Amino acid sequence: MAGSFVEQRKGHRKAKITAFILDYTNSRRIIKKSVENYNLGKGETEALSLALEIPESGVILDDFAARKCARNLHIPFIGTGGLLISAKQRKLISSVSEALEKIQREGLWLSDAVVKTLKEKAKE
């Protein structure tokens, strides 16, 4: 009898876990669908979907379409340049210009106007 009760409890727990997983999966599918409507890249889609799942979180975005999606879905975001300026203000880096040069060498494209604006904001 005791063994039967334990098996029933395990079965009940398994059913609860399965229900939770199904509920989470369905919620995740709905959230992801709202982001997928913007036809973003896989990385942006995942980052924005995760931000919707986790209250009070934000994302780092440079892509224009991804930023538009974030604005429309009320997801806080910052760009790479804003992140670098914040890092300099907090004395985590000494130069925004040097950091920009490094990340541009690694393949991040930024217009000359954006680079100029960032350097001005960083007082460099």
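The values are calculated or read from the model by the stated rules, or taken from the named source; none is laboratory data. These numbers were taken from a predicted model, which means no experiment stands behind them. In this analysis, Cβ positions are derived from the backbone assuming ideal geometry, glycine residues included, and neighbour counts consider all displayed protein chains. For accessibility, only protein heavy atoms count, side chains too; no ligands or nucleic acids. Shrake-Rupley method; radii C 1.70, N 1.55, O 1.52, S 1.80 Å.
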- Query: Just checking, how many residues over region 49-82 are loosely packed, with under 14 Cβ neighbours inside 10 Å and either of a type in the set (A, V, I, L, M, F, W, C) or in a helix (DSSP H, G or I) (or both)?
  - Reply: 8
- Restricting region 97-124 to residues that are open to solvent by 80 Å² or more (accessible area, probe 1.4 Å), part of a helix (DSSP H, G or I) and of a type outside the set (D, E), the one farthest from G79 (Cα to Cα) turns out to be R105
